[in-house]
Amino acid sequence: MNNQERITLFKVALEKQLNPTQLEIEDESHLHAGHAGAAGGAGHFRITLTAASFNGLSRVARHRLVYDALKDYIPQEIHALAIQALAPNEG
């Protein structure tokens with residue numbers, strides 16, 4: 001599976017679980033070429049999303065929700081994530 005196909009799957013999973021009003025997923029795998037995690041084929045991604053489900057939650061709790069939504073893809077498809085999770089009044 002290529003990283004564009006992965007991004008599509010990740011978007012579906014995040015939309016289903018978190019219903020974001022804004023969602024961007026960037027493939028940053030090329031920045032990690034030669035890294036041990038890249039050798040196995042899993043990618044590095046940056047996710048920026050805004051969702052009402054983040055209202056009142058700490059940064060750690062927000063990240064847990066994102067990881068939970070993507071748990072089926074870690075570590076086979078996702079080696080690393082950079083996450084920016086915002087509540088609607090923050091974005």
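Under a Cβ-Cβ cut-off of 15 Å, what is the net charge of the residues other than Phe10 that fall near it, where Lys and Arg count +1 and Asp and Glu count -1?
On the way: positive: Arg6, Lys11, Lys16, Arg46, Lys71; negative: Glu5, Glu15, Glu24, Glu26, Asp27, Glu28, Asp68, Asp72, Glu77.
Residues near Phe10 contribute -4 overall.
Rounded to whole Å and sorted largest first, what semi-axes of the equivalent ellipsoid does the C-alpha gyration tensor of the chain yield via the square root of 5 times each eigenvalue? Please report the intermediate quantities before stating the final value.
Working: eigenvalues 113, 31, 25 Å².
Square roots of five times the eigenvalues give 24, 12, 11 Å.
On a 0 to 90° scale, report how tilted helix 59-69 is relative to the longest principal axis of the chain, with both axes built from alpha carbons and the result rounded to the nearest 10.
60
Roughly how tilted is helix 3-18, in degrees to the nearest 10 and between 0 and 90, from the longest Cα axis of the chain?
The angle comes out at about 20 degrees.
How large a share of the accessible area of the chain, in percent, is made up of carbon and sulfur atoms when the probe is 1.4 Å and the other protein chains stay in place? Don't skip to the answer; put the middle values down first.
Details: 2650 of 5360 Å².
C and S fraction of accessible area: 50 percent.
The values are calculated or read from the model by the stated rules, or taken from the named source; none is laboratory data. Fair warning: this is a prediction, and the values are worked out from it, not measured in the lab. Here Cβ is always computed from backbone atoms with ideal geometry, including for glycine, and neighbour counts include all displayed protein chains. Ligands, DNA and RNA are stripped out before the accessible areas are found, and what is left, the full protein with its side chains, is counted by its heavy atoms. Shrake-Rupley method; radii C 1.70, N 1.55, O 1.52, S 1.80 Å.
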